[in-house]
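Q: Pasting a structure here, questions to come.
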Ligand SMILES: Cc1cc2nc3c(=O)[nH]c(=O)nc-3n(C[C@H](O)[C@H](O)[C@H](O)COP(=O)(O)OP(=O)(O)OC[C@H]3O[C@@H](n4cnc5c(N)ncnc54)[C@H](O)[C@@H]3O)c2cc1C
Ligand code: HEM
Ligand code: SF4
Ligand code: F3S
Ligand code: FES
């Protein structure tokens, strides 16, 4: 097990190193989408030869380019351990977190090259950096915070481990935007809330501590919300954290129907209903 | 020109908590962060957050006082005891507040917040959300920020702080998306800019933890405190140093060397794997140095005896990370780990109100040094610090702008800000046009390698001197750098190398402080002075920037109830 | 957004879908699969439509299919437009087409019944 | 200080963008949408065709006879297949609405697909004489 911690991408990004599986090539080819809408008429692809080091991730290769070849490359990053959601990209035909994607794994998938694209269907700011404004606005629009209503107890509100487990998957979302980028309904309908915002609504509807369930349903079960989801499941496939947004959205539809049959007043309150 | 009453720099836990508090007290607040708030480093915290809730069956008689004692003993008596008492007595309230705000903590069977044992703690008092505690807390905090409609400048990087006549007037920041430099006026500025782990090689920190906030304050004349105390975490993944939380040992994980021995019995026979981080990290490094590690330099973190169910429930992210980066599945295989740089105990010199020596300038979280961690931080205390002192900084900054700061408003503020702007513009433009022969990436690599090697886990005079010389050499080479990207828009090359200067200056305070501290205390371990020396060094180091490097001063430690004792585990 | 607007419309599409499985299933079976292709002649159709069961089947098939299909068409169009105005226009157009088609369809079936 | 730049611009089309995962749900939906639209347009046409009866019974029979040719038989066969797929996949979607089988959506799609393929086989047999008359 040899670790080359010299002038490698690892030093810039991930620290380099890791374990070696089989014999690897000493170079890999990286093809990166490049585009600056202010300067370029059209996007182009640039090719870089990256010296191979053990444990190298796709994020490391981007850093290698930035630090050693071409300082004009733009991309997002932060935690380099798959938890901050900054580095979601379209890599070799799949949505992946660049920091979690081992180059070795791509090679094991039978690819000889690494192809890196920004999240598809989002406006490009520069190269791999996309404008997530719509994603954030949608997230904000569903009032993603607890509305407890009852007076807070002196200590914690109780929640059984079983009830906590129900929301575990949804809480695990890292707001990376992959699902939003992958959903065909959000490609074409600019008003569509998208899988993330609706899944996050479900996260609260299914949280035993939240008291504004009907109001939340009323907020998302509309023509630009739940009814626009056609169970395409692209969101589920894209999610690096294995969240099942489709299940959450279907839950919203079901709960809305039963709330409607109950004649729940909260449904009609709109965003105001979420103020305590 | 942009103006805000209170400007918070940093979208991590400390920054957001400060913003919420100032907002709730009626101030007009904006948050500015160079990454979207949920991308802040706080999101990566894994193991948990301490509070003496006495929820765990084994911690029935835990109290904030006992929490304070553990913290002070852990700090090797360098922490200010009044601040620690404040920290631990506030802890339960703040945790319950986070819970009331919706934080999805893991639960005990009876529905209360679950707690796990952590290193150096007498009771299991670390509250957690599986092994994604920071993620749960930061997302909750961000939700509360959204609820209040607090304005966030996303992807803006502060490059300098405007200080004149002992008063802070705002900042100058770079809008990364346009490359425009803006002066932002504020009656009070709060820094929650996080640590500077990336000054070191082998760091567990996220890539944006460059210590730029600490450096900016230092360059504006704010002193730094206790910079030589750098925490090395015992268990980071071999190779890329992603953290393997202390929670893994809290849940019962073993450390084993190449011979399969649980070597901690030699170093901390009582606490074993749950000894404090400084002791455990040194134990591991000793094993490796003495040839009982695996080739390449690592030992094993063994969780295989915990069983699949416990690992999947309590440590799911750890498992994912281990499998992803090393191919080892903790359920069946031991995880290769080595110590890695983890935390800055030191930082911007503040008091327990978050106030610095400069009026209107506050700091909280990892970038600040109150000091509650002293020479060694206990795991789970820094998340706590962010929400306790973040809140207090917000509270006092809010009070300041309503009182004194409001009265002084305007007096020379615009002039001071304009001056800072002009100076900053010159510096920033210089970097953008820098075309010298030195590759800044080399400088950064050399700095990180040297700091880890020479100002690392084990220290001694000669190596420290080499380390300090190296920093000075880099400082001299910095003006000769050349960068590769002359565009303004989203120019990472520019933004990163703009900070490099500050990183070098901060590194200098670390090396100089370590060289001057001729004792071993907590994380600062000197082979040539193996003992703690309370007579000469039960003191905080305070570093002031001068033209020839840092000028060091010492300040007494506040002792309330717990006189220094020998520290054994 | 708008207080669970569209819940009935959506639900009805599911209900008609289930109804269509039965109605359309029978319809296709009788016309194409049961024995020789039932001759589509004035006389043949008339004989079938004389029975009440067939009448109910064909009229509900017409109604269900029109509702379900046009609601579906509306969904598809909604996916490609943004803004309330465009959505309202689509809904109006689809309702008009639906009513006209249903009216015309019923009108066209009358000769078979009166035959 | 610039190092040799190992980058060269290439065409956009050089990029391998084919999804590595077969996006089952996506294709299921596309097919569902295409078939649904085909059926609704057919229905509207169908109403027009049937309405030729308004011109008298003889007129209707004439139109029907004219329509009895292979081209339309193929169309009808495809339509029947489309209805079968649309119906089965519609059932799959309705199950999801009821909260059933969401985690097994791929298996359900393949189930619907195989059944629809069988339906196509059956339709092919039934329509064979109309497509190849005599
Ligand atoms: C891997 C890991 C695990 C950890 N686990 C635990 C744990 O289990 N328990 C525990 O108690 N502690 C833990 N810690 C420590 C703890 O996470 C941190 O100390 C804490 O999160 C710091 O929070 P903060 O708010 O001070 O700063 P951060 O969360 O680091 O936020 C800094 C913010 O400042 C912004 N910023 C920085 N510089 C600038 C600039 N120049 N201009 C504009 N914005 C800027 C950044 O964008 C960011 O938003 C862990 C640390 C690591 C590395
Ligand atoms: C045989 C029984 C049928 C069933 C079980 C069925 C089921 C469904 C379901 C569940 C949907 C909703 C899909 C979604 O929301 O994504 C749908 C959509 C649709 N259906 Fe049907 N359907 C049937 C017959 C028909 C018929 C006869 C027509 C035409 C007249 C039709 C036309 C449509 C159209 C146009 C859509 C919209 C497609 C889309 O949104 O992509 N369906 N169907
Ligand atoms: S649900 Fe998954 S894909 Fe969507 S934002 Fe969250 S983590 Fe990313
Ligand atoms: S991809 Fe889109 S349509 Fe629904 S299931 Fe996912 S949100
Ligand atoms: S850098 Fe944080 S998820 Fe990849």
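Q: Quick one: work out the % antiparallel among DSSP beta bridges in the protein assembly as shown, nearest 5.
A: Numbers: 69 of 97 bridges.
The antiparallel proportion sits near 70 percent.
Q: Further question: At 7 Å along the Cα-to-beta-carbon direction for both residue D:41 and residue B:425, put a label point, then send me their distance in nm to one decimal.
A: 6.1
Q: What order, most packed first, do the peptides D:47-54, B:63-70, C:91-98 have when packing is the mean number of other Cβ atoms within 10 Å of each residue?
A: Details: D:47-54: 17.4, B:63-70: 20.6, C:91-98: 14.8.
Descending mean neighbour count gives B:63-70, D:47-54, C:91-98.
Q: Separate question: Please average, across the residues of B:312-320, the number of beta carbons from any other chain that are within 10 Å of each residue's own beta carbon, and give a whole number. Present the calculation step by step, with values, prior to reporting the outcome.
A: Details: counts 0, 3, 0, 0, 2, 5, 0, 0, 6.
That works out to 2 on average.
Q: Shielding by partners for B:484-495, please: the mean number of other protein chain Cβ atoms within 10 Å of each residue's Cβ.
A: Values: counts 12, 6, 2, 7, 0, 9, 11, 4, 14, 7, 1, 0.
Averaged over the peptide's residues, the number is 6.
Q: Let me know the mean shielding of D:27-33 by other chains, meaning the per-residue number of their Cβ atoms within 10 Å of its Cβ. Numbers along the way, then the final one.
A: Values: counts 1, 4, 7, 3, 0, 4, 7.
Mean partner-chain Cβ count within 10 Å for D:27-33: 4.
Q: List A:198, B:98 from most exposed to least, where exposure is judged by having the fewest other Cβ atoms within 10 Å. Mind dumping the intermediate values first?
A: Working: A:198 29, B:98 25.
Exposure proxy ranking, most exposed first: B:98, A:198.
Q: Does anyone have the angle between helix A:245-262 and the longest principal axis of chain A? Alpha-carbon axes, 0 to 90°, nearest 10?
A: The angle comes out at about 10 degrees.
Q: Another question, if that's okay. How do B:265, B:501 rank when sorted from fewest to most other Cβ atoms within 10 Å of their own Cβ?
A: In order of increasing Cβ crowding within 10 Å: B:265, B:501.
Q: Still on this structure, I have one more. For a footprinting-style exposure proxy, rank B:353, A:189 by other Cβ within 10 Å, fewest first.
A: Working: B:353 17, A:189 21.
Final ranking by Cβ density, sparse to dense: B:353, A:189.
Q: In whole percent, what relative contact order does segment B:506-569 give with Cα contacts below 8 Å and a gap of six or more residues? Write out the running numbers ahead of the final one.
A: Working: 57 pairs, mean separation 15.9, N = 64.
Rounded, it is 25 percent for segment B:506-569.
Q: A further question on this structure: Take the alpha-carbon centre of segment A:102-146, take the same for segment B:156-182, and report the distance between them in whole Å.
A: Measuring centre to centre over Cα atoms gives 30 Å.
Q: While we're looking at this one, here's another question. When the helices in chain A are scored as -39500 (n - 2.57) per DSSP H run of 4 or longer and the sum is shared across all residues, what 222 nm value do you end up with, to the nearest 500 deg cm²/dmol? Please list the in-between numbers first.
A: Numbers: 11 runs with 90 residues, N = 276.
It lands at -9000 deg cm²/dmol.
Q: A further question on this structure: Sum -39500 (n - 2.57) across every DSSP H segment of at least 4 residues in chain B, then divide by the residue count to get the 222 nm mean residue ellipticity, nearest 500.
A: Result for chain B: -12000 deg cm²/dmol, rounded to the nearest 500.
Q: Continuing with the same structure: Where both partners of a DSSP beta bridge lie in chain B, what percent of those bridges are antiparallel, to the nearest 5? Could the numbers behind the result be given before it?
A: Details: 49 of 73 bridges.
For chain B, the DSSP antiparallel bridge percentage is about 65.
Q: Taking 8 Å as the Cα distance limit and 6 or more residues as the minimum spacing, I'd like the relative contact order of segment B:1-101 as a percentage.
A: Numbers: 96 pairs, mean separation 20.6, N = 101.
This gives 20 percent for segment B:1-101.
Q: Turning to a different aspect of this structure: Helix B:413-433 versus the longest principal axis of chain B: what angle, 0 to 90°, nearest 10, using Cα atoms?
A: 70
Q: A follow-up question, please. Considering Cα pairs under 8 angstrom that are at least six residues apart, work out the relative contact order of chain B and quote it in whole percent.
A: Values: 1383 pairs, mean separation 121.0, N = 569.
Value for chain B: 21 percent.
Q: Which angle between 0 and 90 degrees, to the nearest 10, do you get for helix A:161-171 versus the longest principal axis of chain A when only C-alpha atoms count?
A: Relative to chain A, helix A:161-171 is tipped by roughly 50 degrees.
Here, each number is a calculation from the coordinates, and none is a lab measurement. Predicted, not measured: the structure shown is a model, and the values here were computed from it. Reconstructed Cβ throughout: ideal geometry from the backbone, glycine too, with neighbour counts over all protein chains shown.
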